Amino acid sequence: MTTADVLMLALGAVAVGSAAAVVATRHVVRAGLWLVVALGAIAGLYLVLTAELVAWVQVLIYVGAVVVLLLFAVMLTRAPIGASADLDRSRWPGLLIGGGSGLGLATLLVDAYRWSTVEPTSVGTAEVIGTQVFRAWVLPFEVLSVLLLAALVGAIVVSRPDVGVRR
Amino acid sequence: MMHPVIPYVIAALLFGLGAYGVLTRRNAVLLLMAVELMLNAVNLVLVTADTTVRAALPYTGGVFALFIIVLAAAEVGVGLAVVLQLYRLRRSVQVDELPLADAGPYAGADDDDPLPVGASR
């Protein structure tokens with residue numbers, strides 16, 4: 001057990017615990033706030049895994065933008081502020097499939113990697129990731145920008161009640 | 001030095017929790033939160049593989065993780081637009097109360113809907 005292992009175990013415990021709170025809590029707003037904790041712990045895991053740029057983008061976009069959007073939606077749909085009993089349907093299909101896929105994947109990965117060790121050699125800074133994006137992945141990058149534009153237009157069209165109405 | 005099995009198992013557990021949330025939650029916003037958990041689990045696998053497996057193209061896992069973060073942002077934007085429109089029409093975002101077949105685009109709108117069909121803001 002090295003320092004990196006201990007850090008990853010601690011951050012992983014925080015991430016898994018708060019993710020369990022996200023899917024189990026009876027308060028809609030608290031689910032969003034637990035999501036902040038889970039995403040922050042995952043950003044910490046990225047830092048330990050030497051993916052520096054991904055960690056900061058995670059903090060910026062997930063914790064900064066996505067969670068704020070989700071909390072906006074919670075407010076705009078007038079979700080109940082207190083505890084509500086009708087947030088979940090029957091648990092057994094979810095427990096079966098979620099537990100099965102989670103534990104199955106965990107078993108598969110434990111079997112594949114055992115207790116092997118690796119030595120991280122280089123740090124994924126903005127410079128090296130940016131070089132890689134603009135050298136090997138330029139076309140997906142451009143396609144992604146078109147997709148963002150399409151998502152923007154789509155969100156506007158869905159939100160406007162007067163677009164696409166037959167007269 | 002690190003053991004790659006630790007983040008892999010964390011990612012598998014996060015994915016399982018996200019799948020449980022998607023199948024169990026009834027509120028559409030909570031459903032989107034569970035989808036975010038699953039996307040993050042996949043990102044964690046990509047970043048871990050990037051660190052632990054030296055591929056021909058270095059940092060590919062990190063680049064794909066960035067792409068997935070952007071896709072998740074777009075997905076949340078469109079998803080929330082759909083959820084808000086659903087709330088406007090039905091006054092409810094419970095996903096298991098949705099009738100799948102419907103007569104028209106505004107058949108389920110409430111009577112107190114301030115905007116008549118075809119009007120522009």
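The values are calculated or read from the model by the stated rules, or taken from the named source; none is laboratory data. These figures come from a predicted structure and were not determined experimentally. Note: ideal-geometry Cβ built from the backbone for every residue, glycine included; neighbour counts use all protein chains shown.
A few remarks follow.
- Residue B:96 falls short on exactly one of the conditions (1) free of Cβ contacts under 8 Å to residues at least 12 places away in the same chain; (2) out of contact with any helix residue (DSSP H, G or I) (no Cβ under 9 Å at 6 or more places or on another chain); (3) in a helix (DSSP H, G or I), and that condition is (1).
- One residue stands out in segment A:39-52 among those that are more than 7 Å from chain B (Cβ to nearest Cβ) and of a type in the set (A, V, I, L, M, F, W, C): the one that is surrounded by the fewest Cβ atoms within 10 Å (Cβ to Cβ), namely A:47.
- Of all residues in segment B:7-55, those satisfying the criterion of being surrounded by fewer than 24 Cβ atoms within 10 Å (Cβ to Cβ), of a type in the set (Val, Ile, Thr) and within 7 Å of another protein chain (Cβ to nearest Cβ) are B:9, B:24, B:52.
- When residue A:25 is tested against (1) closer than 17 Å to residue B:38 by Cα; (2) in contact with a helix residue (DSSP H, G or I) (Cβ under 8 Å, 6 or more places away or on another chain); (3) surrounded by fewer than 20 Cβ atoms within 10 Å (Cβ to Cβ); (4) facing another protein chain (nearest Cβ under 10 Å), just one condition goes unmet, and that condition is (1).
- Residue within segment A:5-13 that is more than 26 Å from residue B:26 (Cβ to Cβ), in a helix (DSSP H, G or I), within 7 Å of another protein chain (Cβ to nearest Cβ) and free of Cβ contacts under 8 Å to residues at least 24 places away in the same chain present: yes
- So residue A:83, is it surrounded by fewer than 17 Cβ atoms within 10 Å (Cβ to Cβ), small (Gly, Ala, Ser) and either over 12 Å from the mean Cα position of the chain (by Cα) or modelled with pLDDT of 90 or more (or both): yes
- Counted residues, segment B:56-88 - those being outside any helix (DSSP H, G or I) and more than 8 Å from chain A (Cβ to nearest Cβ): 1
- Residue within segment B:89-112 that is more than 7 Å from chain A (Cβ to nearest Cβ), modelled with pLDDT under 90 and within 16 Å of the chain's Cα centre (by Cα) present: yes
- Selection of segment B:43-59 for residues being more than 20 Å from residue A:147 (Cα to Cα) and at pLDDT 90 or above yields B:44, B:45, B:46, B:47, B:48, B:49.
- Of the residues examined, residue A:50 is one that is among the polar types (S, T, N, Q) and more than 24 Å from residue B:77 (Cα to Cα).
- Check on residue A:49, of a type in the set (A, V, I, L, M) and in contact with an Asp or Glu (Cβ under 9 Å, 6 or more places away or on another chain): yes
- Here is the figure for segment A:104-130: residues that are exposed (fewer than 12 other Cβ atoms within 10 Å of the Cβ) and among the hydroxyl-bearing types (Ser, Thr, Tyr) total 3.
- Of the helices (runs of 4 or more DSSP H) entirely within segment A:64-167, those holding at least 1 residues that are under 22 Å from residue B:60 (Cα atoms) and more than 7 Å from chain B (Cβ to nearest Cβ) occupy A:92-113, A:126-136, A:138-159.
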